[in-house]
C-alpha cells in the first residue's frame, strides 16, 4: 500500500505511525507529486498531530535526539525519495536503538547520513552567502537554496541581528522567515512589486563590490576553485557577483 | 562618497597579502546590540583566487615609516597613501555586518608616525565598534611591535584574536629584508600577549565576570619563498612558535613579488603555491594528527616532496609500520594511515563498536582508498594488490596522476 501525505513533517510522521498500527507501507509519497502506480493501491493519510507527536518522541527516546535531527534535516532536503529513506531509517532505528547512526555504512542508514550532510552543508554555506539589503529600515534577503533550509538558518540570524527586523525570502518556494521583536515565524511570501534601493543602500552595495574586486591576488588566480566554493546557481543573489564597471565608477 | 570607496580600495589592497581569514575559535551569543560569533567560523564569499572572505580586512593606514624590502607599503615605494579615521572604520564594519557581507573585522596598519600613535588609533576604532555600536561579533587585530604594553592590553580586551607577524623564519633573513625590524621587537609583543592571556585566565578563574582577553588566542604569519630558508627551518620555527607562545595558528604566505631588490627573488617569479600547500598540510599534521616536526623533515632531507603529500611521504619512510589492521588499530594509529582523515578515523572507531569494517564499507566512510589500500589490512586481508614497497606504490600513484591529467587534456 502506498501512503500519500500532505507534505508536512507531521504528515510524514503520521504515515510512519500507521505503518505500525495499520497496513504496512510500501512507499510514502507527497500527495501533490504522486503518479498513480498500476500495481500498488494508495491511501491518503490525514495528518494527525497527536499521532505525529508519538512517533516524534519515539524517535527521540528509542533512537536518539541526534537521529531526530537527522530525520528532520532529511525531510527538508530536495531528495525525491526522502520519505522512503526516512521510513527505512526509522524502521531499522527502532531495532538497533541508540547507536543506530554509528552503523555508518549500513545501506538503510548511510543515505540519511549523506542527505543530512548535504542539507547541513548548504545551511552552513548560506549563513555566509545570504545578503541583506536595508529597505526602509527592514533587512531583506532573497535566496533560492537547493533545500528548504529557511527554518534552519533563522535562529542564527535572530540572535545576530536581534535589534533589527528582517525577512529571509526563499524565492524558489515562496516562503519567508519574518523576524521582529525577538521572535520569528515562517510564512508564505511573495513580493508585490520589485524593490527600489535607496541611495544609501546602493552606496554600501558599491562599496562592497569595490572592496571585493580589490581582494583577488592576480598571481594566484584560480577561477575553478572559486566556482567550487560559490556555484553559479547561487551567484544571482550575491551583490558582489552582480556589478558593472560603470556602476562602480558612478558613485 | 567616492573618497570612501577610493580609500577602501587602497587600504584593502594593502591588506590583502595578510592571509589570516579565520573567524573561528570563539563561540559567542549576541551580548551587545548586534553580532555573534560562530565557533566553527563562517566564510562569506570567495575571490577569484579561491580564497575565502570572512572578515573586512583593511589597514587603518598604509602610510609607513619602515622600509621592509618585501612589503608593498614600504616608505620608498611609490604608491597612493590613505588613512581611515576610527569612526569611518567603525561605521563601515557595522553597515557591512548588518548586510551579512562579513563575519567581522580584521584590522591591521602600517606604522604611521610611530608605533604608539598607530596603536592608539586602532584602540579608538575598536572602542567605537564595541562600545558605541555594541558590536558583539568577531574582531582580529594586529599588535604593532614597539607599541606600549598598556595599549596592547587595551586592544586585547576588545579583540577576539591578536597577531604579530614574525614575517621570516630566521634572524638572518629578517636582517637582510627588514633591517629596521629586530627579532626581539617582534617577539616581545607575542610574549606580552601570551602573558596577558595566562594572567587573564587566572583572574577569570576567580572572578568569572571579568572581561576576556583575546579569547580566540594569538596567531602569526611567515612569508614563504622570499628567502632561501628550507621547509625544515620554517616548520621548526613554526613548531617553536606554537609551543612557546601558545599560538592558535601560524599562517604561511607564498611570496608574491612586489618589488625588485638584489636580495629578493626576481619580480617575475610565480608565488610558490604548491610549497605553501605542503607546508599547510604539514602544519595540519602537527596540530591535529599529533606528528612532530622532525618526523616530517630532517636536516638531511630539509624540503617536502612536491609530488607527494607529507603524510604519505612519512609513510614511505616508515614502511615497516605498515600495513595497519583497520579493525584493531587505535585512533592514533588510524590517523597515521595515508588517506584516512580525522573524520573517517572517528567513524571507523564508532562503527567498530557495533560492527566489523570491511574493505567496501571503508570506502563509504570518506576514506581515500586509492591511497589507504596500500597501507591497511581488513581482518588480515590485504587489498593493495602489490607488494608493500614504497617505490612500487609511488610508481602506481604517479601513473594514476598522469592518467588523470591526460583525461583532463582530452576534455579540453
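Rule-based calculations on the coordinates, nothing more; no lab input. For clarity, every value in this text was computed on a predicted model and none was experimentally measured. Every residue, glycine as well, gets a Cβ built from its backbone with ideal geometry; the counts of neighbours run over all protein chains shown.
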Report summary line: Rg from C-alpha atoms of region A:2-121, normalised by the globular rule of thumb 2.2 N^0.38 Å, equals 1.00
**Report entry** Rg ratio (alpha-carbon, reference 2.2 N^0.38 Å) - the protein assembly as shown
**Finding:** 1.07
Query - Spherically averaged projected area of region A:130-188 from its Cα convex hull (nm²) - result: 3.6 nm²
Query raised in the report: Most fluctuating residue of A:81, A:32, A:19 in a GNM of chain A with Cα springs under 10 Å: which is it?
Result: A:32
Query raised in the report: Counting other C-beta atoms within 10 Å, which of B:135, A:94, B:207 has the fewest, and how do the rest follow?
Result: B:207, A:94, B:135
Report task. For region B:230-262 and region A:190-215, compute the distance between their C-alpha centroids and round to whole Å. Result -> 39 Å
Query raised in the report: Sorting A:201, A:60, A:196 on the 10 Å Cβ count, fewest up front, what's the list?
Result: A:196, A:60, A:201
Requested in this report: Name the residue, out of A:13, A:207, A:175, whose mean-square fluctuation peaks in a Gaussian network model built on chain A with Cα pairs under 10 Å.
Outcome: A:207
**Report entry** Antiparallel content of DSSP bridges confined to region B:2-296, in %, to 5
**Finding:** 15 percent
Query - Cα-based convex hull volume of chain B per residue, rounded to whole Å³ - result: 187 Å³
Query raised in the report: In peptide A:228-235, how many Cβ atoms from other protein chains are near each Cβ within 10 Å, on average?
Result: 2
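Considering all alpha-carbon pairs of region A:199-249, what whole percent are spaced by more than 17 angstrom?
Details: 552 of 1275 pairs.
For region A:199-249, the share of Cα pairs beyond 17 Å comes to 43 percent.
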Report summary line: Taking every alpha carbon pair in region B:310-411 and sorting the distances into 5 angstrom bins from 0 up to the bin holding the longest one, the percent per bin comes out as 2, 13, 23, 23, 17, 11, 6, 3, 1, 0
Requested in this report: Taking only Cα atoms and a 10 Å spring cutoff, compute GNM fluctuations for chain A and point out the largest among A:234, A:70, A:211.
Outcome: A:211
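Compute the FRET efficiency between residue B:333 and residue B:303 as 1/(1 + (r/R0)^6), taking r as their Cβ-Cβ distance and R0 = 25 Å, and round to the nearest 0.05.
Calculated value: 0.35.
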Query raised in the report: Helix B:115-127 sits at what angle to the longest principal axis of chain B, using alpha carbons and giving 0 to 90 degrees rounded to 10?
Result: 80 degrees
Report task. Two decimals is fine: what is log10 I(q)/I(0) at q = 0.13 Å⁻¹ for region A:112-239, from a Debye sum with one equal scatterer on every Cα and no solvent? Result -> -0.62
Query raised in the report: Using the alpha-carbon atoms, what tilt in degrees (0 to 90, nearest 10) does helix A:110-129 show relative to the longest principal axis of chain A?
Result: 20 degrees
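Within 10 Å of each residue's Cβ, count the other Cβ atoms and sort A:110, B:270, B:247, B:162 from fewest upward.
In increasing order of surrounding Cβ atoms, one gets B:270, A:110, B:247, B:162.
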Query raised in the report: Taking the Cα-to-Cβ direction at residue A:35 and at residue A:60 and moving 7 Å from each Cα, how far apart do the two end points lie in nm?
Result: 3.9 nm
Requested in this report: Quickly estimate the mean residue ellipticity at 222 nm for the protein assembly as shown, helices only: each DSSP H run with n ≥ 4 gives -39500 (n - 2.57), and the total goes over all residues, rounded to 500.
Outcome: -13000 deg cm²/dmol
Report summary line: Expected unfolding gain across residue A:163-residue A:191 under the 0.36 nm per residue rule, minus the alpha-carbon gap, is 7.7 nm
**Report entry** Antiparallel bridge percentage (DSSP; both residues within chain A; nearest 5)
**Finding:** 50 percent
Requested in this report: In nm, give the distance between the simple-model label positions of residue B:65 and residue A:228, each being 7 Å from the Cα along the Cα-to-Cβ direction.
Outcome: 4.5 nm
Query raised in the report: How far is helix B:273-288 tilted off the main Cα axis of chain B, in degrees rounded to 10, range 0 to 90?
Result: 80 degrees
Report summary line: Two pseudo-spin positions, 7 Å from Cα along C-beta at residue A:213 and at residue B:320, lie apart in nanometres by 6.2 nm
Query raised in the report: At 20 °C and 1.002 mPa s, what whole-number value in µm²/s does Stokes-Einstein give for the translational diffusion of chain A, with Rh from the Kirkwood sum over Cα pairs?
Result: 103 µm²/s
Query raised in the report: Roughly speaking, what is the centre-to-centre gap between region B:290-347 and region A:91-123 when only Cα atoms are used, to the nearest Å?
Result: 30 Å
